[in-house]
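Report on one structure; see the data block that follows.
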């Protein structure tokens with residue numbers, strides 16, 4: 001159970017992030033939903049968590065790629081909810097295209113949101129974790145960061161970077177009682193992947209179906225409670241990356 005803990009979930013207004021927020025709320029955690037633009041969706045997630053599970057749930061609009069904005073957001077969360085015990089770096093975007101035609105902007109935007117955004121939140125939450133003598137960091141990577149994928153050089157690079165970031169942070173913070181792990185989802189049925197239902201890649205999943213956001217949330221819940229797992233990458237992919 002996570003009762004009495006505060007969990008920050010970036011990209012928490014929909015899809016995997018919303019499922020993680022709901023799962024953690026069901027285990028008793030207070031929730032800070034960090035979102036980029038859809039205020040209504042973020043507030044709906046918070047309302048659902050608060051009404052169904054009787055926890056505190058607040059929404060914070062933030063550009064995760066902005067170092068100073070993240071610092072201000074973390075300070076606001078600490079002021080409003082008291083602390084941070086769990087950080088889930090889930091915010092991510094795609095700007096797909098073949099590398100021969102990919103713009104510099106498309107590459108930079110994905111790296112800035114997916115990778116630098118995770119660094120920004122880790123950087124600004126680490127002091128809180130150290131003072132608390134413990135914490136859980138869960139970074140949402142992707143099997144694309146392990147396997148690569150044509151047309152996603154920027155996304156794959158950002159997610160491979162997440163894995164390296166995870167392992168380095170795990171080594172740095174282990175002595176402080178802070179664990180840092182990654183989840184590498186495969187094809188998960190969200191708004192971002194709806195068009196992949198009939199793709200040849202989806203047909204190669206050994207378990208024969210796309211995953212559900214709730215299945216990623218279950219893995220996140222395990223890592224939020226696991227005290228002797230750090231630096232790990234947990235695939236939730238139906239076997240596609242084995």
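Couple of notes before you dig in:
- Residue pairs whose Cβ atoms lie under 6 Å apart, sitting 6 or more positions apart in sequence or on different chains, and linking a residue in region 81-98 that is over 19 Å from residue 59 (Cβ atoms) to a partner that is part of a strand (DSSP E or B), are 96/152.
- Subset of region 123-135 [closer than 18 Å to residue 230 by Cα and either more than 19 Å from the chain's Cα centre (by Cα) or surrounded by fewer than 23 Cβ atoms within 10 Å (Cβ to Cβ) (or both)]: 123, 126, 130, 132, 133, 134
- Among the helices (runs of 4 or more DSSP H) confined to region 1-98, the ones with at least 2 residues that are within 14 Å of the chain's Cα centre (by Cα) are located at 15-26.
- Looking only at region 115-156, residues that are at pLDDT below 95 and closer than 20 Å to residue 82 by Cα come to 0 in all.
The values are calculated or read from the model by the stated rules, or taken from the named source; none is laboratory data. As the structure is a computational prediction, the values presented were derived from the model and not from experiment. We place every Cβ from the backbone using ideal geometry, glycine too, and count neighbours over all the protein chains shown.
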